[in-house]
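Asker: What follows is a structure written as structure tokens; I'll ask about it next.
The numbers here are math on the coordinates, done by the rules we state, and not lab data. In this text, all values refer to a predicted model and were calculated from it rather than measured experimentally. With ideal geometry, Cβ positions are generated from the backbone for all residues, glycine too; neighbour counts draw on all protein chains shown.
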Amino acid sequence: MSLINLNKATSNEIKSLNPEYLSGYSLSGIKLAVKKGYNVYKKDSYGYDIMYYTAKKGFLNHVKYLEEQGMNCNKRYKGKKLMDTLSYQYEHPYSDLHKERLKKVIHHIGEKKKM
């Protein structure tokens with residue numbers, strides 16, 4: 001499936017996007033979708049939101065941005081922590097690297113909130 005042009009998409013088209021589909025866009029694409037009214041809390045038929053899919057793909061800048069939008073990076077998905085989703089399905093060869101990076105992101109966000 002090819003990505004749609006978010007600049008040309010209507011607000012209704014943006015709002016109807018599946019979280020997994022939208023997670024394939026660059027950070028600027030996700031920011032544009034949010035600006036056009038995309039609900040970051042929207043879940044797909046499996047109960048997952050865009051935070052889950054961006055973390056799973058290792059897009060840590062996306063995770064940071066979504067956390068800035070009010071999403072909780074410590075949320076559990078079907079009983080698993082966000083960090084555990086990185087190796088949840090396929091045991092991706094980079095899952096350990098992504099986990100370490102995500103730990104740093106979550107730690108950084110926690111420290112930032114303490115200030």
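Asker: Give the calculated FRET efficiency between residue 2 and residue 39 to the nearest 0.05, with a Förster radius of 35 Å applied to their Cβ-Cβ distance.
Answerer: Values: r = 23 Å, r/R0 = 0.66.
In this case the efficiency is close to 0.90.
Asker: Within 10 Å of each residue's Cβ, count the other Cβ atoms and sort 10, 54 from fewest upward. Don't jump to the answer; show the numbers that get you there.
Answerer: On the way: 10 10, 54 27.
The most exposed by this proxy come first: 10, 54.
Asker: Here's something else I'd like to know. Between residue 32 and residue 12, what length in nm is gained on full extension when 0.36 nm per residue of separation is reduced by their alpha carbon distance? The partial results should precede the final answer.
Answerer: Working: separation 20, 0.36 × 20 = 7.20 nm, distance 1.35 nm.
My answer for the length gained is 5.8 nm.
Asker: Simple spin-label model, 7 Å along Cα-to-Cβ: residue 81 to residue 103 in nm?
Answerer: Between residue 81 and residue 103, the simple spin-label model gives 0.9 nm.
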